[in-house]
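Here's the structure we're looking at; comments come further down.
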Amino acid sequence: MMGYRPMKMKAAESRMRRGIGRRSLFAVGYLIVAALLISTIAQTASGQPPDLRWEKVFGGAGDERGLSLLETRDAGLIVAGYTGSKGAGDRDLLLIKTDKEGEVEWERTIGGPGRDEGWALVETKDGFVIAGVTDSWGSGRRDLLLVKTDAEGYERWKKTFGGAGDDWGVALLETRDGFIAAGVTTSSGSGGSDGWIVKTDTDGNGEWEVFIGGSKDDGFSSMVETGGGYVLAGTTESYGAGGKDVWLVKTDLHGERIWEKTFGKSSDERGNSIIDLGDGLLVVGVTEDLGSGGRDLFLIKTDYEGEKLWEKTLGGPGDDGGMAALAVAGGVVILGQTDSQGMGSQDLWLLKVSFEGDKIWEKTFGGRGFDLGRSIVSTKDGGMAVAGWTESAGSGGEDLWLLKTEKPQ
């Protein structure tokens, strides 16, 4: 028995070791598969920057810029801006309508002997309304220009608003009973420029206007309708910590101020755009706090009372900034400009950040010259379109630039 028992024990031990070995190999394989799966999920969550699908350049002997962009109901695109190459005067408001591939369907200019520009654009049930600035009509200086066109871009009516100073509109919303434009005025008599809101009926007739500001220079650049009123973003020198600060103002539907907030560092900051994220507001702008060596992109997330939830500064050794934003799946795409990276003196900069402001991906578009994006929209096929201007392609000066990307991840 003494000779047999060790043999039986050895056989059992051998089987046990083989079992342990098989389990160990299975465990190792499981860990490898799990690691690959986690890596795949992480890559999917982080995403990749979108590829360029197409780009178009429109221009002539003068300068052209695209300042506002919409996807139309027929899945095409319409750009508002200005042209110095054609039209009636020194600079005319320019409208270009394209199909979804950027092929021109029609092009219109609206203007007089002076300078006329389109800065903001909405599509109505029977056409388009554009807000901008003119010195061809109105008080004789710069006035806010409001133009209604039919669905083919032909002018139906034109209105101007302003006083003895310079006045212009850079943001526009359609309301249930008309339109509301916002911008900057020096006609209010405060001693500097003020933020300005103008409300009209559906035919562009003025109903009320509100001036908001102090003794220095203040102005609005963007607005959203939310919570039974409007929140306007811009820049102020009259309030805040000194210098220029990001400025948020909440009004009711009649323009009466409910609250205002300022955000700034030790340097100058500007608020360029605001969007509603569904759980708060995101302001996109620029800070000149020189921690990175130049101007940087400045992001501020607030709740609906304007209380700051977080702020982020993103950029490199050169000058960087943000112009607009777009909420997408898994975060926010920021449209900005950079000379910290890319090919030229300034490139269009797209970056995606999480809802906490952490960078997920980034990509630049442009050539050797100065290239900038001013307006960004989602498209029905899941991609994005951007309008701006470029010096790297086209006629040699500034040309209107329209880009379309594939669906971002």
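Values quoted throughout were computed directly from the atomic coordinates according to the rules given, and no laboratory measurement underlies them. Quick caveat: nothing in here was measured; it's all calculated off a predicted structure. All Cβ positions, glycine included, derive from the backbone under ideal geometry; neighbour counts span all protein chains shown.
Which entries in 261/359; 100/261; 359/404; 125/407; 125/244; 100/148 show an alpha-carbon gap greater than 32 Å?
100/261; 125/244
Averaging sequence separations of C-alpha pairs under 8 Å and six or more residues apart, then dividing by the length of the chain, give the relative contact order as a whole percent.
Relative contact order here is 12 percent.
Rounded to the nearest 0.05, what FRET efficiency is calculated for residue 152 and residue 329 with R0 set to 51 Å and r the Cβ-Cβ distance?
Efficiency computed from Cβ-Cβ geometry: 0.90.
Can you tell me how much longer the chain between residue 377 and residue 359 gets when fully stretched, taken as 0.36 nm per residue apart minus their C-alpha distance, in nm with one decimal?
Extra length from residue 377 to residue 359 when fully extended: 4.5 nm.
Using the count of nearby Cβ atoms within 10 Å as a rough guide to exposure, how do 82, 154, 239, 230 rank from fewest to most?
154, 239, 230, 82
Of 347, 177, how do they rank once you tally other Cβ atoms within 10 Å and put the fewest first?
Least crowded to most crowded, the residues run 177, 347.
Between 111, 224, 190, whose Cα lies farthest towards the positive end of the dipole of the chain when Lys and Arg beta carbons carry +1 and Asp and Glu beta carbons carry -1, centred on the Cα centre?
224
Run the quick spin-label model on residue 276 and residue 90: label points 7 Å from Cα toward the beta carbon, then report their separation in nm to one decimal.
So the label points at residue 276 and residue 90 sit 3.9 nm apart.
Taking the simple approach of a point 7 Å from Cα along Cα-to-Cβ for both residue 75 and residue 341, what is their distance in nm?
Result for the modelled spin labels: 3.2 nm.
Which one of 204, 313, 273 is farthest out on the positive end of the charge dipole of the chain, using unit charges on Cβ (Lys, Arg +1; Asp, Glu -1) and the Cα centre as origin?
313
Using the Kirkwood radius over C-alpha pairs as Rh, can you work out the diffusion coefficient of region 50-405 via Stokes-Einstein at 20 °C, viscosity 1.002 mPa s, in µm² per second?
It comes out at roughly 105 µm²/s.
If you place +1 on the Cβ of every Lys and Arg, -1 on the Cβ of every Asp and Glu, and leave all else neutral, what size is the dipole of the chain about its Cα centre, to the nearest 20 Debye?
It works out to roughly 3220 debye.
Evaluate the relative contact order of region 63-172 (contact order divided by residue number), counting alpha-carbon pairs under 8 angstrom at least 6 apart; express in whole percent.
RCO, region 63-172: 19 percent.
Quick query: amide H of residue 325 versus all other amide H atoms, modeled in the peptide plane; which residues come in under 5 Å with a sequence gap of 5 or more or a different chain?
335
Please give the length that would be gained between residue 122 and residue 177 if that part of the chain were fully extended, namely 0.36 nm times their separation in residues minus their C-alpha to C-alpha distance (nm, one decimal).
Here the segment from residue 122 to residue 177 would lengthen by 18.4 nm.
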